[in-house]
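Here is the structure we will look at.
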Amino acid sequence: MPPTIGVLALQGDVREHVRTLTDLGVDAVTVRRESELAEVDGIVLPGGESTTMAKLLRTFGLLDPLRKRITGGMPAFGTCAGMILLADRVRDGAAGQETVGGLDVTVRRNAFGRQVDSFETDLPVTGIDEPVHAVFIRAPWVEEVGPGVEVLAEAAGHPVAVRQGHLLATSFHPEVGGDGRVHRLFVDLVRGPVR
């Protein structure tokens, strides 16, 4: 049975993540309610606007259930704003900005600049043979990593892809452009070690 992976569908690049996951042969579903969250084996927190997404998580009654699932070991993959949501600490956040947490990193919002400073580059990523085409849009970067965090890729001297146990996060948008290799790293996390 393929795993069921949810994509948080409150805002952001939902369709692109669903399509990428479906192309990898998993059952990809959208998540807007606690009952839908309860049915998934892992979840993707997409790019979008992190403060808005945090407010919507609270409004839809998903923030605490999502925290509980992630604390309990459910794999999660955050891209761009999703990385911010997974981070334990945020710099340049909005006043009172909440995160889901779980990832022992400090991220800086909009670290690469404003929308006009968006860029694309090819990045070597640990665990992937060839460089990944990475799209950065008002992207965060990681300023500090805890002892259990593995840095998978860097740009401008800062980590932009990290993994800690069952959590994976990128500053960039791997769902853009049809390259599913970063998502495959996450699907492998969801599937767990081969027995």
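The values are calculated or read from the model by the stated rules, or taken from the named source; none is laboratory data. Since this is a predicted model, take the numbers as computed values, not measurements. Cβ coordinates were reconstructed from backbone atoms using ideal geometry, including for glycine residues, and neighbour counts include every protein chain displayed. In case anyone asks, the SASA skips ligands and DNA or RNA and just uses the protein heavy atoms, side chains included. Shrake-Rupley method; radii C 1.70, N 1.55, O 1.52, S 1.80 Å.
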Treating only the Cβ atoms of Lys and Arg (+1) and Asp and Glu (-1) as charged, compute the dipole magnitude of the stretch 10-145 about its Cα centre; round to the nearest 20 debye. 640
The percentage of the accessible area of the stretch 152-195 (probe 1.4 Å, all protein chains present) made up of carbon and sulfur atoms, to the nearest whole number, is 53
Summarise the long-distance tail of P(r) for the stretch 51-116 by giving the % of C-alpha pairs beyond 17 Å. 39
Based on DSSP H assignment, which helices of the chain show an axial Cα extent of at least 20 Å together with a mean Kyte-Doolittle hydropathy greater than or equal to 0.5? none
Zone residues, the stretch 158-195, relative to Asp129, backbone N less than 14 Å from point 7 Å out along Cα-to-Cβ: 181
Accessible area of the stretch 1-150 divided out per residue, in Å², using a probe of 1.4 angstrom: 46
Select from Leu56, Pro159, Gly93 the residue farthest towards the positive end of the dipole of the chain; place +1 on Cβ of Lys and Arg, -1 on Cβ of Asp and Glu, and compute about the Cα centre. Leu56
The stretch 1-125: spread of alpha-carbon positions along the three principal axes, whole Å, largest first, is 42, 34, 23
In the stretch 60-143, the trypsin sites (Lys or Arg not before Pro) that fall in loop regions by DSSP, at most 10 other Cβ within 10 Å: Arg114
Overall dimensions of the stretch 69-195 as given by Cα atoms, namely Rg and Dmax in Å: 13.8, 47
Thr106 to Asp179: FRET efficiency via 1/(1 + (r/R0)^6), r the Cβ-Cβ distance, R0 30 Å, to the nearest 0.05? 0.60
